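I have placed the structure first, in the form of structure tokens, so that the comments after it can refer back to it.
The values are calculated or read from the model by the stated rules, or taken from the named source; none is laboratory data. From a predicted model like this one, the values you see are computed outputs, not experimental measurements. Note that we place each Cβ from the backbone using ideal geometry, even for glycine, and neighbour counts take in every protein chain shown. Note: areas computed on protein heavy atoms with side chains; ligands, DNA, RNA excluded. Shrake-Rupley method; radii C 1.70, N 1.55, O 1.52, S 1.80 Å.
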Amino acid sequence: LISYEKEIFSSTNADSINALLLKKSYVYKEIHAYDKAISTLERIYFQNLNDSSSYIVYYEMAINAYLAGRFTESISFCDLIIHSSFKANSFKPIYLLLALSNNELANYDEGLKYSLLMVDQLQSSSNQKDSLKLLLENSYWVQHRPHFLNPSKAQTLSAILPGLGQCYSGYYAEGISNFV
């Protein structure tokens with residue numbers, strides 16, 4: 001990291017600075033310092049980048065934002081890629097990242113939409129694509145989605161009747177023993 005920063009400081013060529021910043025962000029990603037990787041990538045001179053380099057930088061920003069737990073920001077970086085003039089065949093990993101980010105935000109309908117778009121991009125037979133789409137639609141079915149319990153409701157139920165909150169949460173043995 002220090003040697004990259006030294007080279008960045010001493011360089012005057014914007015293209016070499018961009019390449020060094022990208023390499024420095026890879027080091028940060030490798031050591032799980034995702035926020036620092038994003039801030040390093042934000043220092044890149046975007047006006048000097050061609051389309052393929054811009055795609056790589058925005059993709060790295062999106063993946064680092066996802067890994068840092070900043071899912072909304074990850075979706076924003078992916079949207080920048082999709083709405084820019086990059087080639088459509090390079091969207092496969094972006095659709096996966098969009099599906100994962102939306103799943104983390106509990107936007108399951110959007111997650112399904114991007115999962116299906118990713119399947120459409122695959123180089124497979126139509127039968128394989130159809131079976132994969134059916135599998136995805138079944139996994140995103142409303143009854144298969146996670147059901148989140150309301151902690152304040154469990155607390156209120158426990159205040160009304162001791163142990164009722166534990167039973168609501170699925171801890172029946174604890175709930176019954178607290179009631180007794």
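Counted without the sites themselves, the longest stretch of the chain free of chymotrypsin sites (Phe, Trp or Tyr not before Pro) in a DSSP loop having at most 16 other beta carbon atoms within 10 Å is 46-140.
Over the chain, dividing the summed -39,500 (n - 2.57) contributions of all DSSP H runs of at least 4 residues by the number of residues returns a 222 nm mean residue ellipticity of -22000 deg cm²/dmol. Helix 14-30 and the longest principal axis of the C-alpha atoms of the chain enclose an angle of approximately 30°. The spread of Cα positions in the stretch 6-138, taken along each principal axis and listed from longest to shortest, comes to 55, 27, 22 Å. Relative to the longest principal axis of the Cα atoms of the chain, helix 51-67 runs at roughly 30 degrees. If only the Cβ of Lys and Arg carry +1 and only the Cβ of Asp and Glu carry -1, the dipole of the chain around its Cα centre is close to 120 debye. Other residues whose C-beta falls under 11 angstrom from the C-beta of residue 101 contribute a net charge of -3, scoring Lys and Arg +1 and Asp and Glu -1. When 122, 20, 97 are compared by accessible area of protein heavy atoms, the largest-first order is 122, 20, 97, using a 1.4 Å probe.
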